[in-house]
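Single-structure report; data block below.
The values are calculated or read from the model by the stated rules, or taken from the named source; none is laboratory data. Since the structure is predicted, the reported quantities are computational estimates derived from the model, not experimental observations. Here the Cβ positions follow ideal geometry from the backbone for every residue, glycine too, while neighbour counts run over all protein chains shown. The accessibility values were calculated without ligands, DNA or RNA, using every heavy atom of the protein model including side chains. Shrake-Rupley method; radii C 1.70, N 1.55, O 1.52, S 1.80 Å.
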Amino acid sequence: MRLQILDSGHGFGTRTLFALIRAVSRQPVLDVIKLVKYRPDYYGKPMSVITQEAMRGDSAWSVADRELMAAFVAMTNHCDFCVKAHSAVADLAYRGEENVAMLLCDPTLAGIVEPLRATMLMLRKLTKEHSVDADDMRDVLAAGASAQQIDDALAICFSFDVIVRLADSFDFSVPSTEAFAAGAKYLLARGYR
């Protein structure tokens, strides 16, 4: 059951912003934006800072790799909205050099080069089992990831483990491919602020 507060719990200024978004993009306002704007001091602003740092802060991982990780964590959590949203951003960021949907469909992640592959396998274990151990970290380090890359990947996993749970709790609607494409252009250009 969808929690209706995201559709009706915003003030005049936010409703005006939503009208502007709809007019300019010719797409519905995505539920994730409604969530961030619903209680910005409680959730929206703090989580935007965390997600912006994880997804666009300094990192040896490319933006495309980080978006792929976000889509992968979402897929592991079975969140259709987040998989489609972040796959669309990863597709744009990779500029057609990778087939994101194909990469995500392979449970062995064979099409992904190291150290990204080992990192994503570790993220899958963490997401499914809620723990990793020293051997898991050694495997990722042995595949060529740095300790900082592991930290960066864990920050992405944290952000999207939280967001997918909220998406499920609020029953985010899954809009059209065109809406995801418009959102992807925005996220690629502006990030998560």
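Structure notes:
- Projecting the Cα atoms of Ala118, Leu17, Phe158 onto the charge dipole of the range 4-190 (Cβ charges, centred on the Cα centre) puts Leu17 farthest toward the positive pole.
- When the GluC sites (Glu not before Pro) in the range 68-157 are filtered for DSSP coil states and for at most 13 other beta-carbon atoms within 10 Å of their beta-carbon, the remaining sites are Glu97.
- Set of lysines with alpha-carbon distance to Lys128 below 22 Å, sequence-local pairs under 8 removed: Lys84
- Between the residues Ser62, Val36, Ala90, the greatest Cα displacement towards the positive end of the dipole of the chain, with unit charges on the Cβ of Lys, Arg, Asp and Glu, is found for Val36.
- Long-range Cα-Cα pairs in the chain (distance over 31 Å), rounded percent: 17
- Placing +1 on each Lys and Arg Cβ and -1 on each Asp and Glu Cβ, with no other charges, gives the chain a dipole about its Cα centre of roughly 1000 debye.
- Computed on the Cα atoms alone, the convex hull of the range 84-193 gives a volume of 125 cubic angstrom per residue.
- The chain - mean residue ellipticity at 222 nm from DSSP helices (-39,500 (n - 2.57) per run, n ≥ 4, rounded to 500): -21500 deg cm²/dmol
- Relative to one another, the C-alpha centroids of the range 13-29 and the range 38-97 are positioned 22 Å apart.
- Stokes-Einstein diffusion for the range 92-135 at 4 °C, viscosity 1.567 mPa s, with a Kirkwood radius from C-alpha pairs, works out to 111 µm²/s.
- What a 1.4 Å probe finds exposed on the chain is 58% carbon and sulfur by accessible area, rounded to a whole percent.
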